[in-house]
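To start, the structure under review is shown below, and the notes come after it.
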Amino acid sequence: MSRQRVGLLGGSFDPPHIGHLILAEEARDQLALTQVLLAPAGQPPHKQDKTMTPVDDRVHMTELALSGNPYFQLSRVDADRPGPHYTIDLVKLVAAQLPPDAELFFLMGFDSLRDLPTWREPAQLIRTASLVALTRPDTPIDWEMLEARLPGVRERITLLDMPELEIASRDLRERVRVGRSIRYMVTEPVRAYIEEKRLYRPGRSWG
């Protein structure tokens, strides 16, 4: 049996959009991944002061978004555990669930790569998983600084070419809030769920 090559894409997914799916698919295609796990976050430490959509809604939207792709699978590792939710903990837990010889690839945005030294236990992170970052021409990376703060980091990072899409979850939430369309920016099942549950609407209460 061939060695498993597993991609892991974590995030708030509030809501999941086609940019997330394109990143996951480009990684699967370009890196010959056998599977890509999408892991909605419980409560990311950097968003502790922000109101997030309940995790059950975000998990369900993620399930809807990845349906139909046999290579994509939902991971509830982050959603089902108590916080705080750090990336290193997510990666360790997922790695522990995989066969010992499996390769784990953590998918991240290029802007996240720039901030990597400020993350919790970044040296441990690059030892546990290979990092995959999508390229962005407007986000320069100071490789000398990164290598100085995290020796060996450059050889643990794969840069991924992919179509550039200016889609962000926060912008989609704002579009819904003011009554604008998000059709084709999210999958149709996700759009229908947001409409049905009236997510991101003014006055929406989580009580």
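The values are calculated or read from the model by the stated rules, or taken from the named source; none is laboratory data. The structure displayed is predicted, hence computed values, not measured ones. Every residue, glycine as well, gets a Cβ built from its backbone with ideal geometry; the counts of neighbours run over all protein chains shown.
Restricting to segment 172-188, count the residues that are under 16 Å from D14 (Cβ atoms) and either of a type in the set (D, E) or in a helix (DSSP H, G or I) (or both). Talk me through it step by step, then tell me what you get.
First, pick out the residues of segment 172-188 that are under 16 Å from D14 (Cβ atoms): 172-177, 182, 185-187.
Narrowing the set further to residues that are either of a type in the set (D, E) or in a helix (DSSP H, G or I) (or both) leaves 172-177.
Within segment 172-188, residues that are under 16 Å from D14 (Cβ atoms) and either of a type in the set (D, E) or in a helix (DSSP H, G or I) (or both) number 6.
For segment 74-104, how many residues are assigned to a strand (DSSP E or B) and loosely packed, with under 14 Cβ neighbours inside 10 Å? Spell out the reasoning first.
Taking segment 74-104 as the starting set, the residues that turn out to be assigned to a strand (DSSP E or B) are 74, 103-104.
Okay, now just the ones that are also loosely packed, with under 14 Cβ neighbours inside 10 Å, so none.
Qualifying residue count, segment 74-104: 0.
Does at least one position in segment 156-171 carry a residue that is under 30 Å from G83 (Cα atoms), part of a helix (DSSP H, G or I), touching a helix residue (DSSP H, G or I) at 6+ places or on another chain (Cβ under 6 Å) and touching a residue at least 24 places away in the same chain (Cβ under 8 Å)?
Within segment 156-171, one or more residues are under 30 Å from G83 (Cα atoms), part of a helix (DSSP H, G or I), touching a helix residue (DSSP H, G or I) at 6+ places or on another chain (Cβ under 6 Å) and touching a residue at least 24 places away in the same chain (Cβ under 8 Å).
With L107, L125 as the choices, which residue is part of a strand (DSSP E or B), touching a strand residue (DSSP E or B) at 6+ places or on another chain (Cβ under 8 Å) and closer than 24 Å to A24 by Cβ? Break it down stepwise before answering.
Details: L125 fails: part of a strand (DSSP E or B).
Exactly one of L107, L125 is part of a strand (DSSP E or B), touching a strand residue (DSSP E or B) at 6+ places or on another chain (Cβ under 8 Å) and closer than 24 Å to A24 by Cβ, namely L107.
Could you check how many residues of segment 92-126 are charged (D, E, K, R), in contact (Cβ under 8 Å) with a residue 24 or more places away in the chain and more than 13 Å from R5 (Cβ to Cβ)? Working first, answer last.
Within segment 92-126, the subset charged (D, E, K, R) is 92, 101, 103, 111, 114-115, 120-121.
So of that shortlist, the ones also in contact (Cβ under 8 Å) with a residue 24 or more places away in the chain come out as 92, 101, 103, 111, 114, 120-121.
Now narrow it down to the ones that are more than 13 Å from R5 (Cβ to Cβ): 92, 111, 114, 120-121.
Total satisfying the criteria: 5.
What pairs can you find where one residue is in segment 134-147 and closer than 18 Å to D161 by Cα, the other is exposed (fewer than 11 other Cβ atoms within 10 Å of the Cβ) and at pLDDT 70 or above, and their Cβ atoms are less than 8 Å apart, with a gap of 6+ or different chains?
Going by the 8 Å Cβ cut-off, the qualifying pairs are L134/D161; T135/D161.
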